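A quick write-up on the structure given underneath.
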Amino acid sequence: MKTFFKTALMALSCLCASCGEDSVIRQTYCLKLPSLPETWLEVMGEASWHIEWIGEDGGIHSAEIYPSGGNVSAEIMQNWASPVSAWPYWPEKGVRHGVMKPAGAIFPFDTDGANIRLSWNAGVDAVFFGELAALGNEKRLPHNFNWRRFRELFSNAELPEDVLADPWLADWKSIAAKTAASGFDRRRINAQKLSSRSLTIPADGPWIGVSPFADSKDWQKGETVTIKLGSGVESYFSPEGVLRCSSNAWNWLRHAHNQ
């Protein structure tokens, strides 16, 4: 069990132009990425991707996909449920992986023959899985979690409307900590409390945030807007650059090609 939680082992997987045929016993799975939200494509263009999964050796493996295309063939830990995460990023714009919210999958629930199909909804599941795994409570390990029931909370609209519209409004790190300590309770899944801040927009929109579920904003240069902030730093992106804000400071950085 200890190897399941090790994060030291990082290995680059084989990138393949196409994945193998379906078979009864699969050595590998082809990881299928979702399309970028149209607003992200409009503002940022095609993305590179950083993908992580748990391999048969129990270690975390990773691979990169660049806008030129290609697929990832991955040997997945098959003894129990395990997550796959894929973070889009734009190195030419200075946007590293981990800034935008990821797509994801949970094996074996998202398998389709020889493929594992990642989605934006399952990106939440993969992050929640990782938060539970990091806590290491042997009584509440994430591979024993009832993922089918968890997903039904969203498909059956059993959660607050704002969380259904954008699950990243919830604080999954805090929810995981409480789940590991005393068990899962859907009543904990609420949008985190936010503060408000006014600022003057430094460039014309459209503007996007880090969540693939959030609508774009048509803020224009010189316009004063009120934004909602959590405890950390929030990032907003326009074709011109990146605006990073916290409750007591903000920073505007133009993309390199616009400087």
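The values are calculated or read from the model by the stated rules, or taken from the named source; none is laboratory data. All values derive from a computational prediction rather than experimental measurement. Reconstructed Cβ throughout: ideal geometry from the backbone, glycine too, with neighbour counts over all protein chains shown. Note: areas computed on protein heavy atoms with side chains; ligands, DNA, RNA excluded. Shrake-Rupley method; radii C 1.70, N 1.55, O 1.52, S 1.80 Å.
List of remarks:
- Taking amide H positions as modeled 1.01 Å from N, with prolines and chain starts lacking one, the residues under 5 Å from Phe107 and 5 or more places away or on another chain are Ser82, Val84.
- Value of [θ]222 nm, deg cm²/dmol, for the chain, DSSP H segments ≥ 4, -39500 (n - 2.57) each, nearest 500: -5500 deg cm²/dmol
- Loop GluC sites (Glu not before Pro), segment 134-227, which have at most 15 other Cβ atoms in a 10 Å radius of their Cβ (DSSP): Glu138, Glu158, Glu223
- Measuring between alpha carbons in the structure, the pairs from Lys139/Lys228; Lys178/Lys217; Lys173/Lys217 lying more than 29 angstrom apart are Lys139/Lys228; Lys178/Lys217.
- Taking the Cα centre of segment 24-177 as origin and assigning +1 to Lys and Arg Cβ atoms and -1 to Asp and Glu Cβ atoms, the resulting dipole is close to 300 debye.
- For segment 34-48, backbone phi angles converted through the Karplus equation (6.51, -1.76, 1.60; θ = phi - 60°) give residue-by-residue couplings of x, 6, 5, x, 4, 5, 5, 4, 4, 8, 10, x, 5, 9, 8 Hz, Gly and Pro being listed as x.
- Lys178 accessible area, 1.4 Å probe, all protein chains in place, Å² to nearest 10: 100 Å²
- Of the solvent-accessible surface of segment 100-236, computed with a 1.4 Å probe over protein heavy atoms with every protein chain present, carbon and sulfur atoms account for 45 percent.
- Each residue of segment 99-113 was assigned a 3J(HN,Hα) from its phi angle through the Karplus curve 6.51 cos²θ - 1.76 cosθ + 1.60 (θ = phi - 60°); the sequence is 7, 7, 5, x, 8, x, 7, 10, 7, x, 5, 10, 7, 9, x Hz, with glycine and proline shown as x.
- Taking a sphere under 13 Å around the Cβ of Ala122 and counting the other residues whose Cβ falls inside, with K and R at +1 and D and E at -1, yields a net charge of +2.
- Restricting segment 105-206 to chymotrypsin sites (Phe, Trp or Tyr not before Pro) that sit in a DSSP loop and have at most 15 other Cβ atoms within 10 Å of their own Cβ leaves Phe109.
- Which labelled figure in (1) 19.2, 60; (2) 20.8, 68; (3) 17.5, 50 is Rg and Dmax of the Cα atoms in Å, once derived from the coordinates: (1)
- In order through segment 137-150: 3J(HN,Hα) via Karplus (6.51 cos²θ - 1.76 cosθ + 1.60), integer Hz, x for Gly, Pro: 7, 4, 7, 9, 6, x, 6, 9, 5, 7, 5, 5, 5, 4
- Counting only Cβ charges, +1 for Lys and Arg and -1 for Asp and Glu, the dipole size of the chain around its Cα centre is about 940 debye.
- Accessible solvent surface per residue of the chain, calculated while the other protein chains remain in place, 1.4 angstrom probe, Å²: 51 Å²
- Taking every C-alpha pair closer than 8 Å and separated by at least 6 residues, the mean separation divided by the residue count of the chain gives a relative contact order of 15 percent.
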